[in-house]
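Data block below; observations after.
Only the coordinates and a few stated rules stand behind these numbers; no lab work does. Since the model is a prediction, treat every value here as computed from it, not as a measurement. Counting neighbours? That spans all protein chains shown, and the Cβs are built from the backbone with ideal geometry, glycine included.
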Amino acid sequence: MAIFRCNKCAYLSEQSDRLVGETIPCPECEDPVQVYDTPFFVGKLLNKYFDSQREITRLKAQTSNASGSPPPDLIEPTLLDDIDLANTDQLASELQHAPIYDWFKRKQIGVQFNTRGVDTTGFFDEIAVSIGSNLPVLKAVVDRVRWAQQKGYASTTIHLDNRSAQESSEITEFCQRLYDFSFVAKCIHSLQENYIRLVVQSAPTMRNFFNGEWLEWHALMTCLQYAKQRKLRFSCARNCVVTLQNDESYELDVFVLINGDQPICIECKTGEFRQNIDRYLTLRKILGIDPENFIMCIAGLSEEHAKGLTAMYGLSFTNELALATQLARLF
């Protein structure tokens, strides 16, 4: 249904979608009012709300400065020196996301945040970093768990027969961590038959994680560690949705803003990615982000393949291990 809201008497009602864009008299005061599409109306309302929140923050900061007290730390991009990156909810706030909101607003692009997407008080970040730092070995575990979840199976088995002693040890330790952090319901290691059986969790958050969200967490933590080591002021978002002026929407996997004005957009793919290249190339141009700052992080992509794709398209291709090196080239 469409939205009808009178600016004169505040009368509010739903209208038929066929009236979108038309101006009709208000049933209460007869003032002429335009009928709006509901998503458009709600988007404009949210923009005004966040504008008001930012203005309140600025006024509070001015008041604090006038009284001799320092302004709130998160009004400006965050300095990460005193933050335990693996266990903090300080980043999961509207204020931490505010510089990114302002950046998109200057481009007349709407943005909605999932603030909990950068809350690291859970264990998603730790497991994601483990996977990203040793994907060739641990990929078998991730793939088997994902396969069992997609098929609706209760468990899956990881065979260790053809693994070296080192790889078997790494897989065994990783599976135990999955159990310790409740990513799986049970972890049964059969020494005699040399396999590990995992009873999977079916919760949506776990399905999403093993279906590829782990790479987003890995990319986010790589960016946070990079910014902290170099003492950069930093704003970050994960899974934010941007809405362009033509109402087309994009979900951005990881978006970071260095020192308030230098954007980095990272799109993370653990499966097929080729059909998305044109779409992200278009988005990069619309956002006005330099090619080296719009990164396609593809799990398991060889460095040679990444260099070739980067030379072909106006995007930067890399893999999970080389992402930190790619960031070092930017700053």
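In this structure, the residue pairs whose Cα-Cα separation is over 23 Å, taken from 107/228; 107/285; 269/307; 107/231, are 107/228; 107/231.
The GluC sites (Glu not before Pro) of region 1-30 that DSSP puts in a loop, and whose beta carbon has at most 14 other beta carbons within 10 Å, are 22, 28, 30. When 296, 1, 206 are arranged by Cβ crowding within 10 Å, least crowded first, meaning fewest neighbours, the order is 1, 206, 296. For the chain, modelled as a GNM whose springs connect Cα atoms under 10 angstrom apart, the maximal fluctuation among 125, 161, 84 occurs at 161.
Among 83, 188, 100, the ranking by other beta carbons within 10 Å of each residue's beta carbon, starting with the fewest, stands as 188, 83, 100.
What GluC sites (Glu not before Pro) in region 235-282 are in a loop by DSSP, with at most 14 other Cβ atoms within 10 Å of the Cβ? Write out the running numbers ahead of the final one.
Working: sites: 248, 251, 267, 272; in loops: 248, 272.
Filter output for region 235-282: 248, 272.
Taken over region 70-191, the convex hull of the Cα atoms encloses 158 Å³ per residue. Here the extension length gained between residue 8 and residue 134 equals 39.2 nm, from 0.36 nm per residue of separation less the Cα-Cα distance. If every alpha-carbon in region 101-142 counts as one equal scatterer, what log10 I(q)/I(0) does Debye give at q = 0.33 1/Å? The calculated log intensity ratios at q = 0.33 Å⁻¹ are -1.05.
Considering only 187, 223, 236, the Gaussian network model of the chain with Cα springs below 10 Å gives its largest mean-square fluctuation to 187.
For a paramagnetic label modelled at 7 Å from the Cα of residue 107 toward its Cβ, which residues of region 300-331 fall within the zone defined by backbone nitrogen distances under 15 Å? Answer for this model: 315-316. Between the listed residues 32, 12, 90, the Cα displaced farthest toward the positive end of the dipole of the chain, a dipole computed from Cβ unit charges relative to the Cα centre, is found at 90. Go ahead and run the numbers for FRET between residue 162 and residue 312, Cβ-Cβ distance against an R0 of 25 Å, rounding to 0.05. Efficiency for this residue pair is about 0.10. GNM remark for the chain: springs join alpha carbons under 10 Å apart, and the peak mean-square fluctuation among 31, 143, 102 falls on 31.
Per residue, the chain reaches -13000 deg cm²/dmol at 222 nm when only DSSP H runs of four or more residues are counted, each adding -39500 (n - 2.57).
Each Cα pair of region 124-205 feeds into the Kirkwood radius, which the Stokes-Einstein equation turns, at 4 °C and 1.567 mPa s, into a diffusion coefficient of 101 µm²/s.
Calculated FRET efficiency, residue 114 and residue 190, Cβ-Cβ r, R0 41 Å, to nearest 0.05?
In this case the efficiency is close to 0.55.
Here the residues 97, 189, ranked from fewest to most Cβ neighbours within 10 Å of their Cβ, fall in the order 189, 97. Are there trypsin sites (Lys or Arg not before Pro) in region 161-259 that DSSP puts in a loop and that have at most 14 other Cβ atoms within 10 Å, and which ones? Within region 161-259, the qualifying trypsin sites (Lys or Arg not before Pro) (loop, at most 14 other Cβ atoms within 10 Å) are 230, 231. Every pair of different Cα atoms in region 221-331 enters the Kirkwood calculation, which places the hydrodynamic radius at 14.4 Å.
FRET efficiency for residue 153 and residue 302, Cβ-Cβ distance as r, R0 = 25 Å, nearest 0.05?
0.20
Candidates 118, 198, 331 compared by Cα position along the dipole of the chain: farthest toward the positive end lies 331, with charges placed on Cβ.
For the chain, state the average projected area of the convex hull of the C-alpha atoms over all orientations, rounded to one decimal in nm². Mean orientational projected area (the chain, Cα hull): 22.2 nm². For the chain, the dipole from Cβ point charges (+1 on Lys and Arg, -1 on Asp and Glu) about the Cα centre works out to 220 debye, to the nearest 20.
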